[in-house]
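The values are calculated or read from the model by the stated rules, or taken from the named source; none is laboratory data. All of these numbers come straight from a predicted model, not from anything done at the bench. Reconstructed Cβ throughout: ideal geometry from the backbone, glycine too, with neighbour counts over all protein chains shown. Keep in mind that these areas ignore ligands, DNA and RNA; they rest on the heavy atoms of the full protein, side chains included. Shrake-Rupley method; radii C 1.70, N 1.55, O 1.52, S 1.80 Å.
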Amino acid sequence: MKNAFAIVTLSALLSACATQPPAQADAAPAPAATPAPESAATDNSDKQADTTAADATLPNNALTGDILYRITKAELEFKQGEWQGPFVTMMSLAQQTRDPRLAKRAADMALVAKQGSEAVAAIRLWRTLAPDSDEAAQYFLGFAIVGNDLTEVEPIFAKRLAQAQGPARVVAMFQMQQLLLRAQDKAAAFALQERVLAPYDNLVESHLILAQGAFALNDAARARAEADKAAAIEPSSELAAMTQAQVSGDIDVALKVLNNFLDKYPKAREARAAFARVLIDAKQPESARQQFLVLLKDQPDNLATLYALGVMGMQNNDLAGAETYFTRFVGVLEQQPDDERDPSKVLMILAQLAEQRGDADIAIKWLDKVDRSDEKLYFAARLKWAVLTARQGKLEEARKELAQLTANGADEQAQIFQTDAQVLRDAGDTTTAFMVLQNAIKRYPDNPDLLYDFALGAEKVGQVELMETALRQVMIAAPDNQHAYNALGYSLAERNERLPEAYALVEQALKMAPGDPFIMDSMGWVQFRMGNLDEAENYLRRAYAVRSDPEIAVHLGEVLFAKGNVEGARKLWQEAHGKDPKNDALKSTLARLNQSLKTDQAN
């Protein structure tokens, strides 16, 4: 009974002390299990059997006072940051007791300390003491491959494949493939796979692995030959068809391969998803969308398909469709708590879409769902939350949120100041907004983004010269900042001053960002000031097509009004009023042109 108690206590002690080694150390990465394709699902029973077998061969050592003292002392020293003494102690005890768990602990210590040679020594001892341990072999394979010592790993791989049966053999094949991706000598790794896989020439997976290996070595002919062999062995294999497409080297051939495969096997989801992705690469977005719709019809709650359709909606400017798909994505994900996908990016997109169509309440609802799983996105979400909340008339609540928001570094603190000034400016308090930016610029004088906002704030309080000085500072500090050129050019055009210079500044900004709707708006306004009404309308219509912003609508409306199209102008001003009834540009334009809207009269 004494020995039994001692063995159990030793096992418990080692389990309590053991730490999981990092997935990758600087000296040499520890191996990590690699998931195989769906057709090669793993079974935990193999691992449990390995553990059981190892326990059965453990030495029958009594936990003496001396062993307990040395283990405890080593662990305490290791926790205090030492590694050499504890490592030597564990190695010595492992050799003395022939207990593989102590050798494994020594290996773990070396891995945490990023000592590659010591880790290899401990792993070699571990394998000697537990020759049948799959875990020890896995550790050794990782180090040997990174160290480019492939001669020692080949017999291990060969033995693994020979001993495995059925799906387990396929798992072992793909694990070998993934481990060998770390080898420095890719050609030698491929040759090793050829030799080890030779006895299994009848398996489709052997040829898939060789096809991918040859493709990585730029041996296109060999890659195609192996992919064709895989497809011949199992014509219904989606992996084989996708590999044929991948290694074809020609996008048209890839499309033909996948299209023909889907004609025969229309239920092949992975192949259809691959077909859709290739269609996107081939610049056939509508055909790709149709393929994703087929996938969605079969599985309406598939997250990957919903996300893909949402992204395509954004790219095709189908914002309503994108919002529908992304909303479903979030809803489905909420019903799958075990799914590890982070919805933060989708929530931010949904908030943006809701804001664009003027629904601040829905935008805020989405922002409130963004959690701290991604700190940067969470920070951005709270800034946007404050802006939208302030626009709803809750200025103090918005500023309180900003005051309580924790910044990670100077850049984020500057963003808080910028947002605070923005909510004040939106509320009409331009003086306090400028004071906030003045104080901020004293703390962060070299921040180009803060300088830019400070310049805009200076203009709002009538300090035009200060604005121009600050914008030119931005151009020097960040010469690729198109917004500085655009802002100064627009300001000159708005004041109807130095119009050739305004044109040159906005033209430079447009070269940097030709698709920016706000810079196109500025160019349209410059053209209007210069009397080029047709050019002005052209730029402003293009800008409004990209971004239906109220201020762009106001500018385009004034151009149409100047051209005699009063009805078209009023329609645009009504749209702008619907999105932002308090828009200053709209109010000043209507007053200057002595116009009023029906909604104004109703109010």
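On the protein heavy atoms, probe 1.4 angstrom, tell me the percent of accessible surface of the chain carried by carbon and sulfur.
That share works out to 51 percent.
When only the heavy atoms of the protein chains count and the probe is 1.4 Å, how do GLU323, GLU501, GLU286 rank by accessible area, highest first?
Details: GLU323 25, GLU501 60, GLU286 90 Å².
Solvent-accessible surface, decreasing: GLU286, GLU501, GLU323.
Please give the charge dipole size of region 284-376, origin at the Cα centre, charges +1 on K and R Cβ atoms and -1 on D and E Cβ atoms. Round to the nearest 20 debye. List each step's numbers first, then the result.
Details: 10 positive and 17 negative charges, 51 e Å.
The calculated dipole for region 284-376 is roughly 240 debye.
To the nearest 0.05, how large is the calculated FRET efficiency for GLN595 and ASP263 if R₀ is 60 Å and r is the Cβ-Cβ distance? List each step's numbers first, then the result.
On the way: r = 61 Å, r/R0 = 1.02.
The computed FRET efficiency comes out at 0.45.
Using 0.36 nm per residue of separation minus the Cα-Cα distance, give me the extension gain between LEU181 and ALA304 in nm, one decimal. Mind dumping the intermediate values first?
Details: separation 123, 0.36 × 123 = 44.28 nm, distance 2.68 nm.
Residue separation times 0.36 nm, minus the Cα-Cα distance, leaves 41.6 nm.
Quick check on the chain: helices-only [θ] at 222 nm, where DSSP H runs of length 4 and up contribute -39,500 (n - 2.57) each and the sum goes over total residues. Nearest 500, please.
Values: 34 runs with 447 residues, N = 603.
Helix contribution divided over all residues of the chain: -23500 deg cm²/dmol.
Under 19 Å from a point 7 Å along the Cα-to-Cβ line of GLU375: which residues of region 407-428 have their amide N that close?
Within reach of a label on GLU375, which here means backbone N under 19 Å from a point 7 Å along Cα→Cβ, region 407-428 contributes 407-417.
Using Cα-Cα distances under 8 Å and only pairs 6 or more residues apart, what relative contact order does region 274-339 have, in percent? Before the final figure, lay out each step's value.
Numbers: 52 pairs, mean separation 15.3, N = 66.
Relative contact order here is 23 percent.
If one computes the Cα centroid of region 121-160 and of region 516-574, what distance in Å separates the two points?
After rounding, the separation between the Cα centres reads 70 Å.
May I ask you to rank ASP298, ASP480 by accessible area, largest first, using a 1.4 Å probe over the protein chains only? Write out the running numbers ahead of the final one.
Working: ASP298 80, ASP480 115 Å².
Descending order: ASP480, ASP298.
Which value, in debye to the nearest 20, gives the size of the charge dipole of the chain about its Cα centre, when Lys and Arg are +1 and Asp and Glu are -1 at the Cβ? Intermediate results must be reported in sequence, preceding the final value.
Working: 64 positive and 82 negative charges, 70 e Å.
Value, rounded to 20: 340 debye.
Pulled fully out, how much extra length does the chain show between ALA188 and MET530, if you take 0.36 nm times their separation in residues and subtract their Cα-Cα distance? Walk me through the intermediate numbers first.
On the way: separation 342, 0.36 × 342 = 123.12 nm, distance 6.92 nm.
This chain segment gains 116.2 nm when fully extended.
Once the whole set of protein chains is in place, how much accessible area is left on LYS571, using a 1.4 Å probe, in Å² to the nearest 10?
Using a 1.4 Å probe on the heavy atoms, I get roughly 140 Å².
In percent, what relative contact order does the chain have, based on Cα pairs under 8 Å that are 6 or more apart in sequence? Display every interim value, and only then the final one.
Numbers: 729 pairs, mean separation 29.2, N = 603.
Taking the mean separation of contacting Cα pairs over the length of the chain, I get 5 percent.
Could you calculate the contour length gain from GLU497 to GLN336, that is, 0.36 nm times the residue separation minus the distance between their Cα atoms, to one decimal place in nm?
Working: separation 161, 0.36 × 161 = 57.96 nm, distance 5.93 nm.
Result: 52.0 nm gained on full extension.
Just read off the accessible area of PHE417 with the full protein assembly in place, 1.4 Å probe, to the nearest 10 Å².
Estimated to the nearest 10 Å², PHE417 gives 40 Å².
Which whole-number value in Å² is the accessible area per residue of the chain, probe 1.4 Å?
Details: 30510 Å² over 603 residues.
It amounts to 51 Å² per residue over the chain.
Per residue, what volume in Å³ does the convex hull of the Cα atoms of region 342-460 enclose?
Details: hull volume 12.2 nm³, N = 119.
About 102 Å³ per residue, rounded to a whole number.
Can you sort ILE71, ILE156, ILE233 by solvent-accessible area, 1.4 Å probe, largest first?
Details: ILE71 0, ILE156 20, ILE233 75 Å².
Solvent-accessible surface, decreasing: ILE233, ILE156, ILE71.
Which three extents, in angstrom, do the Cα atoms of the chain have along their principal axes, listed largest first?
Principal extents (largest minus smallest coordinate, Cα): 99, 63, 43 Å.
For region 220-329, how big is Rg over Rh, using alpha carbon atoms and the Kirkwood form of Rh?
On the way: Rg = 15.1 Å, Rh = 14.6 Å.
Rg/Rh: 1.03.
Find the all-direction average of the projected area of the Cα convex hull for region 99-149, expressing the result in square nanometres with one decimal place.
3.1
Using alpha carbon centroids, what distance separates region 451-486 and region 323-387, in Å?
Each part's Cα centre sits 32 Å from the other's.
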